[in-house]
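The values are calculated or read from the model by the stated rules, or taken from the named source; none is laboratory data. As the structure is a computational prediction, the values presented were derived from the model and not from experiment. As a convention, Cβ positions derive from the backbone with ideal geometry for all residues, glycine included, and neighbour counts pool all protein chains shown. Heads up: the accessible areas ignore ligands, DNA and RNA and are worked out on the full protein's heavy atoms, side chains in. Shrake-Rupley method; radii C 1.70, N 1.55, O 1.52, S 1.80 Å.
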Amino acid sequence: MFEHLLVEEKGQIAIVSINNPKSLNALNSATLTELNDCLAGIEGRKDIRVVIVTGAGPKSFVAGADISEMVDATPAEGRAMSLLAMEAFGRLEKMPQVTIAAVNGFALGGGCELAMSCDIRVAADTASFAQPECGLGILPGFGGTQRLARLVGEGRAMELIFTCDRIDAQEAYRIGLVNKVVPKDELIDACVAMADKILSKGSYAVSLAKKSIHTGLDTDLASGLLLEASNFALSFASHDKQEGMRAFLEKRKADLTDF
Ligand code: HXC
């Protein structure tokens, strides 16, 4: 169905793999368009509650935006590419499903930016991360100047972007760029295990928490706290809240179904 993506569904989990093996999964406009379409198709579905994003092949998550497409691009074309990626990546952040990046290798430039757009990052011990754009005479254009600073702080983001240093998975973990590092062979299993744990909780409550965290980080504390109170109130209208609390009091396992 897609030329540049592989999509596999395992129960309530969709695994979306960027699949441009000849260029180490570099993101060209066609791939970004497909990713946007794919995520738009998933975001309204109630039967898919976790999306895992990874790269096809043995050594690369995504080696960046496609340099061969950008080399002769005009400023307007560069802007259009940036906005296209921002639309697709923004979906990962806004969709009600939990999004997990399974970083299986190079996560460079647009690849690091794709991983940062997911809610959670799990890295293979062989993964590496960089924002090499300034070495190409450009700057991160798929959200890197914004999301890297939010994830690892302003000073570390500036150092990584200005020096273009490539860091390994352990260093990415140390600075808070990834949540977890696992042996390469166990990467997808580790992500599926994390997804299963999340799926055992109330999916509707998880989606409200996701929305509260992402929207809250873009606003001031007082507005974020008000938003939390509103979403907290919404959870009180759910079947899951009744079931979850009654099950606790009745000392039985809760049957949480809302999404
Ligand atoms: C296009 C790419 C590519 C990329 C790799 N390839 N990365 N093509 N765009 N981003 C291609 C190579 O040209 C090569 O094609 C093939 O993939 C294999 O790559 P090699 O370099 O031979 O592999 P290796 O020696 O293992 O080195 C891997 C690598 C290196 C370290 C990942 O390829 C590399 O540095 N790539 C560029 C990384 C980068 O600068 N990313 C940021 C891009 S800018 P052939 O045809 O020779 O086999 C960006 C901006 C985002 O992301 C915002 C834009 C708006």
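Things worth noting here:
- In the full protein context, the chain carries 50 Å² of accessible surface per residue, based on a 1.4 Å probe and ignoring ligands, DNA and RNA.
- Cα gyration tensor shape of the stretch 128-258, rounded if a/c is under 1.5, else prolate or oblate by comparing a/b with b/c: oblate
- Heavy-atom accessible surface of the stretch 41-99: percent carbon and sulfur, 1.4 Å: 60 percent
- For the stretch 147-218, the square roots of the Cα gyration tensor eigenvalues, ordered a ≥ b ≥ c, give a/c of at least 1.5 with a/b no greater than b/c, which places it in the oblate category.
- Lysines whose Cα lies under 29 Å from that of K241, excluding same-chain neighbours fewer than 8 positions away: K10, K46, K94, K197, K201, K210, K211, K251, K253
- Using the rule -39500 (n - 2.57) for each DSSP H run of four or more residues, divided by the residues of the chain, the 222 nm mean residue ellipticity is -15000 deg cm²/dmol.
- Note on the chain: dipole from Cβ charges, positive end direction compared against S235, M81, T219; the farthest Cα belongs to S235.
- Percent carbon-and-sulfur accessible area, the stretch 103-208, ignoring ligands, DNA and RNA, probe 1.4 Å: 54 percent
- Rounded to the nearest 10 Å², the accessible area of E133 at probe 1.4 Å: 20 Å²
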